[in-house]
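The values are calculated or read from the model by the stated rules, or taken from the named source; none is laboratory data. Fair warning: this is a prediction, and the values are worked out from it, not measured in the lab. Methodologically, a virtual Cβ is constructed for each residue, glycine included, from the backbone with ideal geometry; neighbour enumeration extends over all protein chains shown. Heads up: the accessible areas ignore ligands, DNA and RNA and are worked out on the full protein's heavy atoms, side chains in. Shrake-Rupley method; radii C 1.70, N 1.55, O 1.52, S 1.80 Å.
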Amino acid sequence: MAGGGAAASALSSPWRSLLQRALDGNAHLKHSTFFQLATVGGGGGRPANRTVVFRGFQEQSDKIQINTDARSNKIGEIRNCPFGEICWYFTDTWEQFRISGFIDVIDGSSPDPVKLQLRERAWFGSSVKSRLQYLGPCPGLPIPNDDLVKDVHIDPSAGPVDAFCLLVLDPEKPSLCMDKTPSDAYCR
């Protein structure tokens with residue numbers, strides 16, 4: 001996983017070493033890389049929440065990377081209001097992290113060559129199976145025929161497709177809750 005481990009923690013905020021310890025302590029659980037991303041929805045400022053996958057920290061920083069489909073509703077929501085919050089719960093260690101901040105949307109139209117390079121690195125850092133999802137139907141739509149998905153192929157050496165988007169959360173307010181027992185919570 002592109003977490004960064006102990007070497008990166010010397011360069012980062014104190015909360016990051018706690019998060020890295022939680023990631024390492026729960027690494028045997030596949031779902032330990034899943035967390036909730038909340039944004040402000042397009043319909044009257046109501047919250048929108050979804051599960052996303054941690055794709056690592058950006059090099060030399062505490063910024064959190066998330067791969068997503070540019071066709072999903074969350075892209076418009078983030079462009080309209082570029083702030084969000086993640087909530088990450090680790091079931092084995094009973095730790096919860098809530099991290100809010102500015103979210104940068106990096107798609108193929110970005111004029112910044114450094115951001116485009118980050119996007120490309122994230123693309124090639126994903127498995128071919130993961131990359132295939134960006135060639136399927138738009139997120140949120142039913143798949144009428146499984147054959148549509150089975151017949152999709154991708155050149156593993158080809159760069160990011162248009163639907164691939166990198167989100168980068170720049171933390172501004174992390175908090176940690178230690179829930180060592182279901183009725184007892186300690187937050188900071």
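Here are the numbers for this structure:
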{"quantity": "Count of region 87-115 residues which are among the small types (Gly, Ala, Ser) and open to solvent by 50 Å² or more (accessible area, probe 1.4 Å)", "calculated": "1"}
{"quantity": "Positions within region 42-60 being in contact (Cβ under 8 Å) with a residue 60 or more places away in the chain and farther than 20 Å from Leu29 by Cα, in sequence order", "calculated": "Gln58"}
{"quantity": "Test set (1) open to solvent by 30 Å² or more (accessible area, probe 1.4 Å); (2) at pLDDT below 85 - Cys177 fails condition number", "calculated": "(1)"}
{"quantity": "Some residue of region 92-108 being over 21 Å from Gln36 (Cα atoms), out of contact with any strand residue (DSSP E or B) (no Cβ under 6 Å at 6 or more places or on another chain) and touching a residue at least 40 places away in the same chain (Cβ under 8 Å)", "calculated": "yes"}
{"quantity": "Some residue of region 68-82 being within 14 Å of the chain's Cα centre (by Cα) and open to solvent by 40 Å² or more (accessible area, probe 1.4 Å)", "calculated": "no"}
{"quantity": "Selection within region 90-142 - basic (Lys, Arg) and not in a helix (DSSP H, G or I)", "calculated": "Arg98"}
{"quantity": "Qualifying positions in region 28-55 - farther than 20 Å from Gln133 by Cα, loosely packed, with under 12 Cβ neighbours inside 10 Å and in contact with a strand residue (DSSP E or B) (Cβ under 9 Å, 6 or more places away or on another chain)", "calculated": "Arg46, Pro47"}
{"quantity": "Residue within region 108-115 that is modelled with pLDDT of 95 or more and within 17 Å of the chain's Cα centre (by Cα) present", "calculated": "yes"}
{"quantity": "Residue check for Pro156: closer than 26 Å to Phe57 by Cβ, exposed (fewer than 11 other Cβ atoms within 10 Å of the Cβ), modelled with pLDDT of 95 or more and not hydrophobic (A, V, I, L, M, F, W, C)", "calculated": "no"}
{"quantity": "Sole residue being free of Cβ contacts under 8 Å to residues at least 24 places away in the same chain and surrounded by 13 or more Cβ atoms within 10 Å (Cβ to Cβ), chosen from Leu118, Leu166, Leu141, Leu132", "calculated": "Leu132"}
{"quantity": "Qualifying positions in region 19-65 - at pLDDT below 90 and either farther than 21 Å from Phe102 by Cα or within 17 Å of the chain's Cα centre (by Cα) (or both)", "calculated": "Glu59"}
